[in-house]
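Have a look at the structure below, then the notes.
The values are calculated or read from the model by the stated rules, or taken from the named source; none is laboratory data. Note that the structure is predicted; figures quoted are calculated from it, not measured. Positions of Cβ are backbone-derived with ideal geometry, glycine not excepted, and every protein chain shown enters the neighbour counts.
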Amino acid sequence: MQNMRFIFASDLHSNKTLYSDLGKLILSEKPDFLIIGGDLFAYSPHAEPQIEFAKEYLCQFIRRINIPVYVVPGSCDKPMSIKYLKEMPVNGLLNFLNLSGTNIGGIEFIGYHYIQPGPFKIRDWERRDLKDDNTVLEGVCLLSDSRDKLYAVPNNFLNDMPSIEEDLSALNNRKSVWVIHTPPFGGILDKNHANVLGGSKAVRKSIERVQPILTLHGHIHEAPSMSGRWSEQIGNTISINPGSGESLHAVICEINTEGKIVSIVHTLFGELDGIYPHPES
């Protein structure tokens, strides 16, 4: 297999203009596949409008671009909407990345969608960040049942769930690309409008420990404009949060068969400069 080229975008939130621009980018760049790092849908407390968007637009979009699409859910994507996507008739083009890994051209692609606790009442995709965290949430805490009905849970319910740190603890393959909705903590890829760092300490610890080739993130839309950067080098790993906004924020990545990054180009901010490190160097 020659060098693999793929496009990564996140947090499109049912925005037809962004999806349309993404389709045009795919037509122009001719990547081997597309990765969407979560929040395919606009926020809604219920799945119905998200499923309608999938039926009326997203299904046709995937068929039209006619390349494999790999996704992880995001914090706004309702569980029932994700269930619908997994059953959507798109000729096998839509695939979900998870911790089990998917081999593409000899590189393992990992997906993970849980985020650390945030300010929202609906907490379907939340986990404690670190294993020793004792998390007691404020206000009403809601989860969605299998019929998309919301029900209240105790404010300390996350203490009975695995943490993000525990979920990621089994990862050990350096020749891998991680697609994780939440960015690593640190002030570059996770700074929000309130000047608060919204990333995951567990994600950062896992990157530091394993040193994968590349990690791809979203969730904090404004991070590139707040920090002035859309990439960070963590050891030998390149971590990316392209951001999200009124214009399409996406990156075009090329990796060779040895697992070395050849190039990364942002649609708005240009090429990532410098020599790309190798995870085994």
- Query: Pick from Lys121, Lys83: which is in contact with a Cys (Cβ under 9 Å, 6 or more places away or on another chain) and of a type outside the set (A, V, I, L, M, F, W, C)?
  - Reply: Lys121
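Right, Lys78: among the charged types (D, E, K, R), over 20 Å from Ser247 (Cβ atoms) and touching an Asp or Glu at 6+ places or on another chain (Cβ under 7 Å) or not?
yes
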- Message: Suppose we keep only residues that are of a type in the set (Lys, Arg) and assigned to a helix (DSSP H, G or I) within the stretch 197-231. Which one would you say is surrounded by the most Cβ atoms within 10 Å (Cβ to Cβ)?
- Response: Arg204
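Counting only residues that are hydroxyl-bearing (Ser, Thr, Tyr), part of a loop (DSSP other than H, G, I, E, B) and surrounded by fewer than 21 Cβ atoms within 10 Å (Cβ to Cβ), how many does the stretch 1-30 have? Spell out the reasoning first.
Residues of the stretch 1-30 hydroxyl-bearing (Ser, Thr, Tyr): 10, 14, 17, 19-20, 28.
Adding the requirement that they be part of a loop (DSSP other than H, G, I, E, B) leaves 10, 14.
Still in the running and surrounded by fewer than 21 Cβ atoms within 10 Å (Cβ to Cβ): 14.
The qualifying residues number 1.
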- Item | Leu143 surrounded by fewer than 20 Cβ atoms within 10 Å (Cβ to Cβ), assigned to a strand (DSSP E or B) and in contact with a strand residue (DSSP E or B) (Cβ under 7 Å, 6 or more places away or on another chain) | yes
- Message: For the stretch 101-116, which positions are out of contact with any helix residue (DSSP H, G or I) (no Cβ under 7 Å at 6 or more places or on another chain), farther than 22 Å from Lys260 by Cα and of a type in the set (S, T, N, Q)?
- Response: none
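I'd like the full set of residues that are β-branched (Val, Ile, Thr), in contact (Cβ under 8 Å) with a residue 24 or more places away in the chain and not in a loop (DSSP other than H, G, I, E, B), limited to the stretch 82-134.
Filtering the stretch 82-134 for residues β-branched (Val, Ile, Thr) gives 82, 90, 102, 104, 107, 110, 115, 122.
Now drop any that are not in contact (Cβ under 8 Å) with a residue 24 or more places away in the chain, which leaves 90, 102, 104, 107, 110, 115, 122.
Listed by number, the residues that qualify are Thr102, Ile104, Ile107, Ile110, Ile115, Ile122.
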- Item | Selected residue (only one of Ser247, Ser263, Ser239 is touching a residue at least 24 places away in the same chain (Cβ under 8 Å), in a strand (DSSP E or B) and among the small types (Gly, Ala, Ser)) | Ser239
- Query: Among (1) more than 30 Å from Thr257 (Cβ to Cβ); (2) of a type in the set (A, V, I, L, M); (3) crowded, with 22+ Cβ neighbours inside 10 Å, which single condition is Met161 missing?
  - Reply: (3)
- Query: Among Gly111, Gly101, which is the only one that is within 18 Å of the chain's Cα centre (by Cα), modelled with pLDDT of 95 or more, among the small types (Gly, Ala, Ser) and surrounded by fewer than 19 Cβ atoms within 10 Å (Cβ to Cβ)?
  - Reply: Gly101
- Task: For Gly198, work out the one condition from (1) in contact (Cβ under 8 Å) with a residue 40 or more places away in the chain; (2) closer than 30 Å to Lys30 by Cβ it doesn't fulfil.
- Result: (2)
- Query: Within the stretch 61-81, how many residues turn out to be surrounded by fewer than 22 Cβ atoms within 10 Å (Cβ to Cβ), assigned to a helix (DSSP H, G or I) and not aliphatic (A, V, I, L, M)?
  - Reply: 4
- Residues (β-branched (Val, Ile, Thr) and touching a strand residue (DSSP E or B) at 6+ places or on another chain (Cβ under 8 Å)) located in the stretch 5-52: Ile7, Ile26, Ile35, Ile36
- Are any residues in the stretch 31-60 in a helix (DSSP H, G or I) and either among the basic types (Lys, Arg) or surrounded by fewer than 17 Cβ atoms within 10 Å (Cβ to Cβ) (or both), and if so, which ones? Glu48, Pro49, Glu52, Lys55, Glu56, Tyr57, Gln60
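Just to check your reading of the model, which residue among Lys86, Lys121 is within 30 Å of Glu166 (Cβ to Cβ) and either under 18 Å from the mean Cα position of the chain (by Cα) or not basic (Lys, Arg) (or both)? Walk me through how you get there before you give the answer.
Values: Lys121 fails: either under 18 Å from the mean Cα position of the chain (by Cα) or not basic (Lys, Arg) (or both).
Result: Lys86 is the single residue among Lys86, Lys121 that is within 30 Å of Glu166 (Cβ to Cβ) and either under 18 Å from the mean Cα position of the chain (by Cα) or not basic (Lys, Arg) (or both).
Here is a yes/no grid of residues against (1) hydroxyl-bearing (Ser, Thr, Tyr); (2) over 14 Å from the mean Cα position of the chain (by Cα):
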{"position": "Lys175", "(1), (2)": "no, yes"}
{"position": "Trp178", "(1), (2)": "no, no"}
{"position": "Leu189", "(1), (2)": "no, no"}
{"position": "Asn192", "(1), (2)": "no, yes"}
{"position": "Ser200", "(1), (2)": "yes, no"}
{"position": "Ile220", "(1), (2)": "no, no"}
